[in-house]
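The values are calculated or read from the model by the stated rules, or taken from the named source; none is laboratory data. Here the structure is a predicted model, which means the values were calculated and not measured. Positions of Cβ are backbone-derived with ideal geometry, glycine not excepted, and every protein chain shown enters the neighbour counts. Just the protein is used for accessible areas: all its heavy atoms, side chains included, with ligands, DNA and RNA removed. Shrake-Rupley method; radii C 1.70, N 1.55, O 1.52, S 1.80 Å.
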Amino acid sequence: MIELLFFTGKTCGVCKALKPKLLEAVQGNFPNVNIRVVDVEEEVEFTGQSMVFTLPVVIIKVDGREMARFARSFAVYEVLDKLKRLGGR
């Protein structure tokens, strides 16, 4: 099972611009990938356990193990490429 965690915050402008593009692209190309949007202000403990200290952050997990992490400056195509290589289809 592949899971995509998208860490975001209410005051993160980059997150607001990136979130709809990324989620739409992942849902359209990888319908079997479970997507979880994590609001860092509401899920403080989980954010800390995930060692997220900046925004935005995308973590890709396969069977519960972290396989990729994208932080701050990354493009949608980079995430899609990693999902493709991890067998998201």
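Quick one: order Ser73, Ser50 from most to least accessible surface, probe 1.4 Å.
Result, largest first: Ser73, Ser50.
Given contacts defined as C-alpha pairs under 8 Å and at least six residues apart, what's the relative contact order of the chain, whole-number percent?
On the way: 124 pairs, mean separation 35.5, N = 89.
Value for the chain: 40 percent.
What FRET efficiency would be calculated for the residue pair Val62, Val14, taking the C-beta separation as r and a Förster radius of 35 Å, to the nearest 0.05? If you can, show how the numbers build up before the last one.
Details: r = 26 Å, r/R0 = 0.74.
Efficiency, rounded to the nearest 0.05: 0.85.
Taking 2.2 N^0.38 Å as the expected size of a compact globular protein, what ratio does the Cα radius of gyration of the range 1-52 give against it, to two decimals? Provide the component values of the computation, followed by the final result.
Values: Rg = 11.7 Å, N = 52, 2.2 N^0.38 = 9.9 Å.
So the range 1-52 has a normalised radius of gyration of 1.18.
Order Ile60, Ile35, most accessible first, counting only protein heavy atoms with a 1.4 angstrom probe. Spell out each step's value before the answer.
Details: Ile60 0, Ile35 55 Å².
Correct descending sequence by accessible area is Ile35, Ile60.
Quick one: with all protein chains in place, what share of the accessible area of the chain is carbon or sulfur, to the nearest percent (1.4 Å probe)? It would help to have the intermediate numbers written out before the result.
Numbers: 2750 of 5350 Å².
Looking at the chain in its full context, I get 51 percent from C and S.
I'm checking a number: the convex hull volume of the Cα atoms of the chain, normalised per residue, in Å³. What is it?
Working: hull volume 7.3 nm³, N = 89.
So the per-residue hull volume is 82 Å³.
For the chain, what is the accessible area per residue in Å² when the probe is 1.4 Å?
On the way: 5350 Å² over 89 residues.
Value returned for the chain: 60 Å² of accessible area per residue.
In degrees, nearest 10, range 0 to 90: what is the angle between the Cα axis of helix 76-85 and the longest Cα principal axis of the chain?
50 degrees
Can you give the angle from 0 to 90° between the axis of helix 13-29 and the longest principal axis of the chain, with both taken from C-alpha atoms, to the nearest 10?
Result, in degrees: 20.
Met1 to Val44: extension gain in nm, 0.36 nm per residue of separation minus the Cα-Cα distance? Don't jump to the answer; show the numbers that get you there.
Values: separation 43, 0.36 × 43 = 15.48 nm, distance 2.48 nm.
13.0 nm is the gain from fully extending Met1 to Val44.
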